[in-house]
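*Asks:* Supplied in structure tokens, the structure appears directly below.
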Amino acid sequence: MALRNRQKMVMLPMQVWDLPVRLFHWLLLPLLPAAYLTMKGGYPAVHLIIGYVLLALVLFRVLWGLFGSDTARFAQFLRRPAAAVHHLRRLTVAEPDNEVGHNAAGGWMVLFMLLLLLVQAVTGLFAHHKGGPDGPLAKFLGDTAAGLVTNVHGANFKLIFFAAAGHVAVVAVYLFIKKQNLIRPMVTGKKRLPAATRAPRLRSRLLALLLLIVAGVVSATLATQF
Ligand code: HEM
């Protein structure tokens, strides 16, 4: 019924995801396996460099979640837990996608994944790396504490792996069961939405670049000054 009503509605393409969010998202895809493989493959120095890049990206995403476009902002996409539960109850119902940004449940999942990524990058700063350079802040911890943080760094990576696998599985459920293609908008930035939908306010790429520079400087300072 809802699908039939939508056919009668005037639909227009609308920019929902800005370039910074899309770049951040798709850069995670090669960088996370690269971080893992360089560590396992015996290239800890390269692993550290990738870690600094990931730290800068996650710090940038946190700043963008505070000062960026509407659909990137935590305050916009973190909705009441009851709304998330209501959304999950309809997970397998095929219906039109009228969400401008993350849906009520997806917003919490995004926060969870960003927290995991932040924990990963920060613990890496304090971690021991077998057969290679330690994280730059490891020297400020005693052996026991550094060992503990290193274990958290390893265990948290497994959590990221399972969270990412769960995330991709949920995106597939949306595609094949709920009949909503969330992937295309994450690539193109655009979604077809009812003409009456209020467009999100997108912030300038210059602001994004400035915030990325701030995040990069923080990460580079940690990498080189300690
Ligand atoms: C083939 C692999 C992947 C696909 C197809 C995919 C797809 C998507 C899609 C469609 C969204 C938008 C969801 C929405 O409409 O609310 C999204 C968001 C997100 N995904 Fe993925 N994803 C993939 C891999 C990953 C990986 C490996 C991670 C890292 C843990 C990740 C983390 C995130 C995060 C943090 C967001 C929120 C983006 C933001 O607001 O900044 N994704 N993903």
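The values are calculated or read from the model by the stated rules, or taken from the named source; none is laboratory data. This is a predicted model, so every value here is computed, not measured. Cβ coordinates were reconstructed from backbone atoms using ideal geometry, including for glycine residues, and neighbour counts include every protein chain displayed.
*Asks:* Among the numbered conditions (1) out of contact with any Ser or Thr (no Cβ under 6 Å at 6 or more places or on another chain); (2) touching a residue at least 12 places away in the same chain (Cβ under 8 Å), tell me where L55 comes up short.
*Replies:* In the conditions (1) out of contact with any Ser or Thr (no Cβ under 6 Å at 6 or more places or on another chain); (2) touching a residue at least 12 places away in the same chain (Cβ under 8 Å), L55 misses (1) alone.
*Asks:* For the range 187-215, how many residues are part of a loop (DSSP other than H, G, I, E, B) and in contact with a strand residue (DSSP E or B) (Cβ under 6 Å, 6 or more places away or on another chain)?
*Replies:* The number of residues fulfilling the criteria is 3.
*Asks:* Inside the range 64-95, can you point out the residues that are outside any helix (DSSP H, G or I), within 14 Å of the ligand (Cβ to nearest atom), touching a residue at least 12 places away in the same chain (Cβ under 8 Å) and not small (G, A, S)?
*Replies:* Across the range 64-95, the qualifying residues are L78, R79, L91.
*Asks:* I would also like to ask the following. Looking at V110, V62, which is the one that is buried (at least 19 other Cβ atoms within 10 Å of the Cβ) and in contact with a helix residue (DSSP H, G or I) (Cβ under 8 Å, 6 or more places away or on another chain)?
*Replies:* After ruling out the rest, the residue left standing is V110.
*Asks:* Just give me the residues in the range 155-188 being of a type outside the set (S, T, N, Q) and away from the ligand (no atom under 11 Å from the Cβ), in sequence order.
*Replies:* The answer is A155, K158, V173, F176, I177, K178, K179.
*Asks:* For the range 1-31, what are the residues that are in a helix (DSSP H, G or I) and at pLDDT below 95?
*Replies:* Of everything in the range 1-31, those that are in a helix (DSSP H, G or I) and at pLDDT below 95 turn out to be A2, L3, R4, N5, R6, Q7, K8.
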